[in-house]
Every structure is written in structure tokens, then in C-alpha cells.
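Encoded as C-alpha cells, the structure appears first; notes follow it.
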């Protein structure tokens, strides 16, 4: 039998699904966001959404499901590739930008500042999409790094508007930091969830922890959206100070 993605692999099953015992010779394949089992019992489909975890060691694959069901499949070393395929399908990134109201819309306003504000988040999303495994996707959204980039952007927004008036600059930066506090808190929480997703001895809940982390990532993007909506009026009231020669040219 060819060793290729999508090709059924012969295994020996031992476990239960929905209270029904499944044992004996069968085949297993990953297809359409599900794990499909075929044997003398017929065909059983395990949706990725009900998988809570997975482990693989020495030709033995264990699938942990919602409700406490466990299914073990024993076979050749080719099961390792199938295990990686399961992780790849179960640990995908959610849609992060489509629900946002300000990103890429007229409501975003203040063009270059808007782009600077969202740049760290969009860069993280690109890194996550390019990552080939779960660990790479987790590293792509390192909360402390995103927070540092956003704090730098906020400082630059204030400096651009009050380059020579330190009290006004500090006041504006403090106001923006206060508006951004919920976003910064969500970035701290993101690193906590990432740590939980990489804890050892959690194979039975690997996918549960991944989904919780995905929820934290979505929360960061949604809070960034609300944060920029709050920034708009404040930054609009304190427009960027153009250099003198540019102001004179405009007057002419």
C-alpha cells in the first residue's frame, strides 16, 4: 500500500466510540477534517471537532475524544505520518481579520498610523500562516513581542504630534496607553495560554488547549479593533505636526 497522505493504513483497533466497542483489523485515514475508520464494524467517522487530544509512540496512536472515549490504533511506523496529519488539521489558525471593523476600512482612518498600529498583528499572522507545525504557529504570536511593538507605535504617535512639547506628548501617550490597557492585558493572557498549550503530559487535552489558545488570539485581534476605534478621535484631535517647510508650501 503506498505511503501517501490520504491513503488508508491497515491498523488494529482497540477502544470505544460513543459507548460502542471497536476492536480488530481496520483501516484508518484522515479526510475532510475527520478521521475515518473502516472495518468489519462498517465505517466510523471521528470529526476533528470532537478530538480533545492525541498521542503517538512506537507505532501506537491514541485518539482522545470528548466524553472520555479513547481509541487506540496499532500499526506500522507509517502511522507517524498520519499522526502529524491529524495535528496539522486539528491545529489550524482561525480567521482573525475578517470580523474586524477597522482593519482596511474607511473607519480605520489616519492611514499611516492605522498601518503602523496593526503591523505587529498582521506580521504575526503571516508568520503563523507560514509555520509548518503547531509549535511554529504558537511562536509566531509571541505576546510580549507584539506588546513591545505596539508600545513603540504609541510612543511614536505621541512624538509625531508633539515633538517639542514634552508635557503634551506625555499626556497623549498616557491617554493612549490607558485606552490600550485591555489590549495589553489580552496579550499577557495570550502568552499564558501559549504556555499551557506547550505543557508536557497533556496529550489527552492537546487540542483543547490549542483551541483555548486560538480563542486568546482572536480576543487579541478583536481588542485591537476596539482599541483603534478608541484611538481615532484622540489622534484626530491631535494631528501630526508637519515640518515648517511643508506647512509653508501648503499655504502657497
Inset, instruction - Determine whether segment 170-185 contains at least one residue that is in contact with a strand residue (DSSP E or B) (Cβ under 7 Å, 6 or more places away or on another chain), surrounded by 13 or more Cβ atoms within 10 Å (Cβ to Cβ) and under 30 Å from residue 53 (Cβ atoms). - result: no
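Pick from segment 13-47 the residues that are touching a helix residue (DSSP H, G or I) at 6+ places or on another chain (Cβ under 7 Å) and assigned to a strand (DSSP E or B): which of them is surrounded by the fewest Cβ atoms within 10 Å (Cβ to Cβ)?
As a first pass, look at segment 13-47 and keep what is touching a helix residue (DSSP H, G or I) at 6+ places or on another chain (Cβ under 7 Å): 28, 30, 33-35.
When the remaining residues are screened for being assigned to a strand (DSSP E or B), the result is 28, 30, 34-35.
Working: 28: 23, 30: 23, 34: 18, 35: 26.
Filtering segment 13-47 for residues that are touching a helix residue (DSSP H, G or I) at 6+ places or on another chain (Cβ under 7 Å) and assigned to a strand (DSSP E or B), the one surrounded by the fewest Cβ atoms within 10 Å (Cβ to Cβ) comes out as 34.
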Legend entry - Residue among 157, 207 that alone is touching a residue at least 40 places away in the same chain (Cβ under 8 Å), within 30 Å of residue 70 (Cα to Cα) and assigned to a helix (DSSP H, G or I): 207
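Report whether or not residue 78 is modelled with pLDDT under 95, more than 26 Å from the chain's Cα centre (by Cα) and crowded, with 16+ Cβ neighbours inside 10 Å. Spell out the reasoning first.
Values: modelled with pLDDT under 95: yes; more than 26 Å from the chain's Cα centre (by Cα): yes; crowded, with 16+ Cβ neighbours inside 10 Å: yes.
The answer is yes for residue 78.
Can we say residue 138 is assigned to a helix (DSSP H, G or I) and over 12 Å from the mean Cα position of the chain (by Cα)? Lay out the reasoning, then the answer.
Working: assigned to a helix (DSSP H, G or I): yes; over 12 Å from the mean Cα position of the chain (by Cα): no.
Here the answer is no, as residue 138 does not meet what is asked.
Looking at 164, 169, 116, can you tell me which residue is in a helix (DSSP H, G or I) and either modelled with pLDDT of 95 or more or farther than 30 Å from residue 210 by Cα (or both)? Before you say what the answer is, go through the steps one by one.
Values: 164 fails: in a helix (DSSP H, G or I); 116 fails: either modelled with pLDDT of 95 or more or farther than 30 Å from residue 210 by Cα (or both).
Of 164, 169, 116, the one residue that is in a helix (DSSP H, G or I) and either modelled with pLDDT of 95 or more or farther than 30 Å from residue 210 by Cα (or both) is 169.
Matching residues to (1) modelled with pLDDT of 95 or more; (2) in contact with a helix residue (DSSP H, G or I) (Cβ under 9 Å, 6 or more places away or on another chain):
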position: 176; (1), (2): yes, yes
position: 179; (1), (2): yes, yes
position: 186; (1), (2): yes, yes
position: 193; (1), (2): yes, yes
position: 204; (1), (2): no, no
position: 226; (1), (2): no, yes
position: 240; (1), (2): no, yes
position: 244; (1), (2): no, no
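The values are calculated or read from the model by the stated rules, or taken from the named source; none is laboratory data. Remember, it's a predicted structure, so these values are computed and weren't measured experimentally. Here the Cβ is made from the backbone with ideal geometry for all residues, glycine too, and neighbour counts use every protein chain on show.
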